[in-house]
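Peer 1: Can you read through this structure? Questions will come right after.
The values are calculated or read from the model by the stated rules, or taken from the named source; none is laboratory data. No experiment lies behind these values; they were computed from the predicted model shown. Methodologically, a virtual Cβ is constructed for each residue, glycine included, from the backbone with ideal geometry; neighbour enumeration extends over all protein chains shown.
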Amino acid sequence: MSEPVAADPLSADVIAKVAKLARLELTAQEADRFARQLGDMLSHFADIDALVLDDVRPMSQPYALRNVLRDDTVDPGLDRDEVLAAAPATEDHRFRVPPIRGVAP
């Protein structure tokens, strides 16, 4: 494995150019701050790239999977006649709703 190359620190000018291309308005202070933050991130990525992981077995999940949902259970539903009795209008054992204007049947 080759040695990682340290990332060049990003300049505020580069950040300002990318911001302009992305149509973002940044102040000079924001460009300086973002240059430092992105430089820190790239430095951290270089540290990760430097790790020797040849003997580490790949894995798809770092923790054992466990279902955190409750079991599905059948619960009694509402009584249809009771619900329809509370409705303002019913028709053929269903709720009756006003027609939608401007829509052909």
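Peer 1: For the range 54-88, how many residues meet the condition of being surrounded by 10 or more Cβ atoms within 10 Å (Cβ to Cβ) and in a loop (DSSP other than H, G, I, E, B)?
Peer 2: Matching residues across the range 54-88 total 1.
Peer 1: For the list (1) surrounded by 10 or more Cβ atoms within 10 Å (Cβ to Cβ); (2) modelled with pLDDT of 90 or more, I need the number of the one condition that VAL97 fails.
Peer 2: (2)
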